[in-house]
Amino acid sequence: QQMPGYLFDGDAGDLHMGSASATKILIKGGTVVNAHHKMVADVYIEDGIIVYVGPDIKANDDVKVIDASGKYVMPGGIDPHTHLDMGFMGTQTIDDFFSGQAAALAGGTTMHIDFVIPVDGSLSAGFESYLKKAEKSVMDYGFHMAITKWDEDVSKDMEIMVKEKGINSFKFFLAYKGALMVSDELLLQGLKKCKSLGALAMVHAENGDAVAEGQKRMIDLGITGPEGHALSRPPVLEGEATARAIRLASFVNTPLYVVHVMSIDAMEEIAKARNSGKRVIGEPVVSGLVLNDSWLWDPDFTTAAKYVMSPPIRTAGHDKALQAALSAGILQLVGTDHCTFNSTQKARGSDDFQKIPNGVNGIEERMHLVWETMVESGQISVTDYVRITSAECARIFNIYPRKGAILAGSDADIIILNPNSSFTITADSHHSRSDTNVYEGRNGKGKVEVTISRGKVVWENGKLMVEPGYGRYVKMPPFSYLFEGLDRADAAYLSSLRAPVQRLVSST
Ligand SMILES: NC(=O)NCCC(=O)O
Ligand SMILES: [Zn+2]
Ligand SMILES: [Zn+2]
């Protein structure tokens, strides 16, 4: 039996893609949650696709039946911000596309979007190298791409990436001076190009010149430990860069996505912009929502260094303000910025915080920690949980409702979360290759008991069942909903410019 309201494309007959040998799964009696609605229902899956959602679906003998009564059946998480197998600060992130994705699946995330770093400034070479890295993937993934220099080749390559390769977002680093950082002049060119292609511009918003000055200030004061990292790049520098990027995007009239919003200062700039009708998306990350910077003062270097990321984890108070902004809709979706280095790699900076590779874990922990912090605490509804961990990401990157929804026709990326069972996070039991975990010892209620990735059960009874090569590259088309109507706004702006010119012409 099918619920008519749950079909988005054709009828169920068209959507039966299974062959006699197709994997068939029936999830019985759970509360099925989408961003717009929740209801007790069964979910029938065949050959990787959700076929029916509705009450009392009957199963034949060849169907695997999973009892979900008393549990939530939700779209698998989509992590909009990860760095797997990335060369950074003289070393390579410890999680590659196999270990990072295996960790993700164990924590209920079934898709992520990673950042391609160009090779010697070449986007095409960067894209090919990331496709190669991702050959060992165990779940679906997409790519954003960083822009690190500007010339005709980069401009042409952006077009190829969008029109042929399935990339619809480009990231501009306003920090990491001398490495990934770009100038305002480059940012402006990039924003214009993004707009013309219908691609979303993303920014790492910190003032890189001022950060370099702040670092020098700390070293001059003899502050060389991990606490120097936080002290050298205070919230005001994040607020400044966020405001600047928002203003430049507004000048070009193109949407902007601010990654890893870590401070009240940045969040308030986003709130102000959204209140005045600007299309700005704010992405907090789990570390910013649940941690504070007290760890950076730990006398044990190994402990303190594992919390070094940029922008830094802030003083207590910023975390709660970011949670409130998320529940109020000022910030729209949660990422992780999963960028892991083990304690040996972090020790590169034992005599100078500037050499500690920046980054923390989170790909496995995000779904549990957001549940505990936002839902279990009573700050948001279960439907909003689906929105901020999955559906909104799929909408922003234009792959909804293939991903991010439990609807007939959607990919069967599904988690079953038991609100009465509990999770505990430790480096000993996690699936990342790192020997440390910034959430060590945290526990809470609400545990992902089953993860289904494109119709295959990959996590059940505490066991991972994954095969390298199972994951697929998901192409993301340009011109998401964020671009709708911009042409009309531009036309109105142009005619408002012409009106005074016309008056001048007719008065002479
Ligand atoms: N965030 C961080 O510290 N490392 C990853 C690179 C970035 O996103 O800035
Ligand atoms: Zn960044
Ligand atoms: Zn990042």
Lone qualifier among ASP157, ASP114, ASP120, ASP151 - being acidic (Asp, Glu) and either touching a residue at least 40 places away in the same chain (Cβ under 8 Å) or within 16 Å of ligand 3 (Cβ to nearest atom) (or both)
ASP114
Could you grab the pairs with beta carbons closer than 7 Å, sequence gap of 6+ or different chains, first residue in the range 326-340 and away from ligand 2 (no atom under 16 Å from the Cβ), second one among the aromatic types (Phe, Trp, Tyr)?
none
Can you pull out every residue in the range 274-289 that is surrounded by fewer than 21 Cβ atoms within 10 Å (Cβ to Cβ), outside any loop (DSSP other than H, G, I, E, B) and not polar (S, T, N, Q)?
ARG274
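If I filter the range 468-508 down to residues being basic (Lys, Arg) and in a helix (DSSP H, G or I), which single residue comes out as nearest to LYS193 (Cα to Cα)?
Of all residues in the range 468-508, those basic (Lys, Arg) come to 472, 475, 488, 498, 503.
Checking the rest, the ones that are also in a helix (DSSP H, G or I) come to 488, 498, 503.
Working: ARG488: 18, ARG498: 24, ARG503: 33 Å.
Checking each candidate, the answer is ARG488.
Considering each of HIS260, HIS229 in turn, give the residue that is part of a helix (DSSP H, G or I), in contact with a Pro (Cβ under 9 Å, 6 or more places away or on another chain) and crowded, with 19+ Cβ neighbours inside 10 Å. Explain how you work it out, then say what you get.
Values: HIS260 fails: part of a helix (DSSP H, G or I).
Just one listed residue meets the conditions, HIS229.
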Just one of (1) assigned by TED's automatic domain parsing to the domain that holds LEU174; (2) surrounded by fewer than 24 Cβ atoms within 10 Å (Cβ to Cβ); (3) more than 15 Å from ligand 3 (Cβ to nearest atom) trips up ALA104, so point out which.
(2)
From the list ILE452, ILE406, which one is under 21 Å from ILE113 (Cα atoms), at pLDDT 95 or above and assigned to a strand (DSSP E or B)?
ILE452
Residue identified as more than 16 Å from ligand 2 (Cβ to nearest atom) and assigned to a loop (DSSP other than H, G, I, E, B) among ILE94, ILE78:
ILE94
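The values are calculated or read from the model by the stated rules, or taken from the named source; none is laboratory data. Keep in mind that this is a model prediction, so the values were computed, not measured. Please note: Cβ atoms are built from the backbone with ideal geometry, for glycine as well, and neighbour counts cover all protein chains shown.
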